[in-house]
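The values are calculated or read from the model by the stated rules, or taken from the named source; none is laboratory data. The structure displayed is predicted, hence computed values, not measured ones. Every residue, glycine among them, receives a Cβ derived from its backbone with ideal geometry; neighbour counts consider all protein chains shown. Ligands, DNA and RNA are stripped out before the accessible areas are found, and what is left, the full protein with its side chains, is counted by its heavy atoms. Shrake-Rupley method; radii C 1.70, N 1.55, O 1.52, S 1.80 Å.
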Amino acid sequence: MSHETLTQDHQRQPVTILGLGPMGQALAGALLQAGHSTTVWNRTPEKAEALVARGARRAQTPAEAVTASPLTIACVIDYDAVHTIVRPAAEELRGHTLVNLTADTPARARDTAAWAIGHGIDYLDGAIMTPTTTIGTDDALVLYSGPEAVFERHRSTLQNLGGRARFLGADPGRAAAHDVALLDLFWTSMSGLVHAFALARSEGIAAAELRPYVQGVVGLLPDIATEFADRIDKSRHVGDQSTILSAVAGIEHIIHAAEQRGLDTGVLYSARAIAQRAIDARHGEDGFSRLTETLSAPATAAS
Ligand code: NDP
């Protein structure tokens, strides 16, 4: 058998998908599209119908589903649901691979990896970083962590979920750790975005009027992220362009303006409190990247 035939066969290894929410359906659809024999199971079986019409096989139970394939991918709402589904199928999963693409905390990823190892199951934990519409396209990004040999064994199949399958290391919590850090950025930014539009609206400025300037501010972030990453890894937080003292003065203007219009100021108070901790620890003349270290220190200690 030629190398090419071997590769093609491997790419088309049977795969099982547990969970058919929007993301599970997208994953199963991409595998079918790539020519994999795909077995699916979902708590609510009707959600499999469109996939069955495209050639997927619907299993009656998780145990039947995982028996059908050497590789099972779980993608449900949280790890409690994962455990509810896979624990009764542990014996059938023994000697197989379970890739868990459900989002949760790094600690839960590590606990689930330990459970899987204890049952003779090869386990990779993963995090999907892009929306359902990207799955199966070059725009998808899925992060993986766990045993590298297991990732390599299934790499070509996992690549069929989307263009970028990134392996991050042996710690099974590492993909989830990237996920929560990036979602931290996303949701705090989203919170700032809606607050900015609400503050503008309270001053009679339509969202469409503010939008070009919002995009200008958002456009500053990539360069700031690059600069901060360098400063944080070197622990060099020079306040050469702007200081924490100056940032707090700016935050206070926003708090006053928001209070005058009766808007919620909880997030802004939190932002100011963290900066104030750094000032209290005599870092007021440093740059804003210093707050990474302030946040890493216990709240009661001078940082
Ligand atoms: P949900 O997060 O809403 O998960 C829905 C799935 O979870 C369904 O299969 C549902 O089954 C199942 N489920 C929920 N509770 C249980 C339970 N107690 N027992 C068994 N199954 C249960 O939808 P998504 O598919 O969108 O997300 C799945 C994962 O993918 C999540 O971790 C999410 O964070 C992640 N993700 C999603 C993205 C997206 O764009 N949707 C983007 C990136 C990551 P049922 O149909 O029976 O209710």
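Listed conditions (1) touching a residue at least 24 places away in the same chain (Cβ under 8 Å); (2) hydrophobic (A, V, I, L, M, F, W, C); (3) part of a helix (DSSP H, G or I); (4) closer than 23 Å to T294 by Cβ are all met by A258, apart from (4). In this entry, R201 is excluded by the filter for residues that are open to solvent by 60 Å² or more (accessible area, probe 1.4 Å) and under 30 Å from R153 (Cα atoms).
Exactly one residue out of A59, A103, A74 is open to solvent by less than 10 Å² (accessible area, probe 1.4 Å), closer than 18 Å to A26 by Cβ and within 14 Å of the ligand (Cβ to nearest atom), and it is A74. Restricting attention to the stretch 155-191, the residues that are under 22 Å from G136 (Cβ atoms) and either touching a helix residue (DSSP H, G or I) at 6+ places or on another chain (Cβ under 9 Å) or in a helix (DSSP H, G or I) (or both) total 17. As a summary of the residue check, T137 satisfies the conditions (1) within 12 Å of the ligand (Cβ to nearest atom); (2) assigned to a loop (DSSP other than H, G, I, E, B) except for the one numbered (1).
Looking at E91 and the list (1) away from the ligand (no atom under 15 Å from the Cβ); (2) touching a Pro at 6+ places or on another chain (Cβ under 7 Å), which single condition is not satisfied? E91 satisfies every listed condition except (2). If you take the residues of the stretch 252-272 that are of a type in the set (G, A, S) and touching an Asp or Glu at 6+ places or on another chain (Cβ under 9 Å), which of them is farthest from A198 (Cα to Cα)? The extreme case among them is A257. Among the residues in the stretch 236-253, are any under 22 Å from L185 (Cα atoms) and open to solvent by 70 Å² or more (accessible area, probe 1.4 Å)? Yes, the conditions are met somewhere in the stretch 236-253.
Checking each residue in the stretch 172-182 for being surrounded by 13 or more Cβ atoms within 10 Å (Cβ to Cβ) and either among the small types (G, A, S) or without any contact (Cβ under 8 Å) to a residue 24 or more places away in the chain (or both) picks out G173, A175, A176, A177. Looking across G204, G169, one residue alone is free of Cβ contacts under 8 Å to residues at least 60 places away in the same chain and touching a Gly at 6+ places or on another chain (Cβ under 9 Å). It is G169.
Answer yes or no: is there a residue in the stretch 110-125 that is touching a residue at least 24 places away in the same chain (Cβ under 8 Å), touching a Ser or Thr at 6+ places or on another chain (Cβ under 9 Å), within 16 Å of the ligand (Cβ to nearest atom) and part of a loop (DSSP other than H, G, I, E, B). No; the residues of the stretch 110-125 include none that is touching a residue at least 24 places away in the same chain (Cβ under 8 Å), touching a Ser or Thr at 6+ places or on another chain (Cβ under 9 Å), within 16 Å of the ligand (Cβ to nearest atom) and part of a loop (DSSP other than H, G, I, E, B). Within the stretch 34-50, is there a residue that is open to solvent by 60 Å² or more (accessible area, probe 1.4 Å), of a type in the set (A, V, I, L, M, F, W, C) and more than 23 Å from G126 (Cα to Cα)? Yes, the conditions are met somewhere in the stretch 34-50.
Taking the stretch 77-88, which residues are more than 9 Å from the ligand (Cβ to nearest atom) and in contact (Cβ under 8 Å) with a residue 60 or more places away in the chain? Of everything in the stretch 77-88, just one residue is more than 9 Å from the ligand (Cβ to nearest atom) and in contact (Cβ under 8 Å) with a residue 60 or more places away in the chain, namely V86.
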